[in-house]
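For reference, the structure discussed in these notes is given below.
The values are calculated or read from the model by the stated rules, or taken from the named source; none is laboratory data. What you see is a predicted model; the values in this text were computed from it and never measured. In this analysis, Cβ positions are derived from the backbone assuming ideal geometry, glycine residues included, and neighbour counts consider all displayed protein chains.
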Amino acid sequence: MLQLLRKLFVKEKEEETGKMYVIAGLGNPEKKYFGTRHNVGFAVVDALADKYGIEFTETKFKAAYGKGRIGADRVILVKPLTYMNLSGEAIRPICDYFKIDSKEELIVISDDVELDAGNIRVRPKGSAGGHNGLKNIIAQLGHSEFNRVRVGVGKKPKEWDMVDWVLGHFEGEDAVNIKEGIDRAILAVEEIMTAGVDSAMNKYNTKKKD
């Protein structure tokens, strides 16, 4: 009995010392957008949810979210229901309500049309780079110093309209590469949490073939 109490005490202490992270994937909520380039952020948080047995049981703050643990840390996986361009209207209230330090404990996952499909780019801060979802988050938070993992969805061919491109589905080699990219994004998120954003940048800001 004494050993059991000691184990429970140690477990409680571990839970107390762990951080709480908000991990938000960006996308559009309607089913017709699932699997599109613009919804790769949703795909990453869905994959994280599957890996760690987290269910999206709550619908508040203009978002669907679920609570769980990754290692010693508590996490809130978030999918804004605002549509991409107003993503910050969901993320800001969640950070405020759960008292999240958005400069340290927020990780945002989004698509990037400047990267080949499957490559990722980790950054601790920066501009929106033309991404309207990130732009709105920056406006709502009042700063741009939050961790982000950008997942390459392939560069737009010259003959394509940008809206049609990002709302289109992956095909051919890109469909294979994006699955690897989602796996790499998960590893990058885990690395940010366990070793810090600099370590994640050093490990994953390379082309996937490297």
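Observations on the model:
- Scope region 114-170; condition farther than 22 Å from residue 100 by Cβ, of a type in the set (A, V, I, L, M, F, W, C), assigned to a loop (DSSP other than H, G, I, E, B) and at pLDDT 95 or above; matching residues: 115, 117, 153, 170
- Within region 36-67, the only residue that satisfies the criterion of being surrounded by fewer than 16 Cβ atoms within 10 Å (Cβ to Cβ), over 23 Å from residue 140 (Cβ atoms) and touching a Phe, Trp or Tyr at 6+ places or on another chain (Cβ under 9 Å) is 57.
- Residues (closer than 22 Å to residue 38 by Cα and out of contact with any helix residue (DSSP H, G or I) (no Cβ under 8 Å at 6 or more places or on another chain)) located in region 171-199: 171, 172, 173, 174, 175, 176, 177, 179, 180
- Number of the condition not met by residue 101 [criteria: (1) charged (D, E, K, R); (2) in contact with a helix residue (DSSP H, G or I) (Cβ under 9 Å, 6 or more places away or on another chain); (3) more than 24 Å from residue 71 (Cα to Cα); (4) free of Cβ contacts under 8 Å to residues at least 24 places away in the same chain]: (3)
- Looking across 132, 119, 202, 136, one residue alone is surrounded by fewer than 20 Cβ atoms within 10 Å (Cβ to Cβ) and within 19 Å of residue 38 (Cβ to Cβ). It is 132.
- Flag for residue 92 being among the basic types (Lys, Arg), farther than 28 Å from residue 176 by Cα, in contact (Cβ under 8 Å) with a residue 24 or more places away in the chain and not in a loop (DSSP other than H, G, I, E, B): yes
Residue by residue, here is whether (1) part of a loop (DSSP other than H, G, I, E, B); (2) in contact (Cβ under 8 Å) with a residue 24 or more places away in the chain; (3) over 21 Å from residue 104 (Cβ atoms) holds:
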| position | (1), (2), (3) |
| --- | --- |
| 41 | no, yes, no |
| 44 | no, yes, no |
| 51 | no, yes, yes |
| 56 | yes, no, yes |
| 65 | no, yes, no |
| 68 | no, no, no |
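- Any hit, region 146-154, residues being surrounded by fewer than 23 Cβ atoms within 10 Å (Cβ to Cβ) and touching a residue at least 40 places away in the same chain (Cβ under 8 Å): no
- Condition check for residue 9: aromatic (Phe, Trp, Tyr), at pLDDT below 90 and outside any loop (DSSP other than H, G, I, E, B): yes
- Reported count of residues in region 105-138, each being under 16 Å from residue 21 (Cβ atoms) and not β-branched (Val, Ile, Thr), is 3.
- Qualifying residue in region 89-100 (condition: at pLDDT 95 or above, loosely packed, with under 12 Cβ neighbours inside 10 Å, under 28 Å from residue 132 (Cα atoms) and of a type in the set (Lys, Arg)): yes
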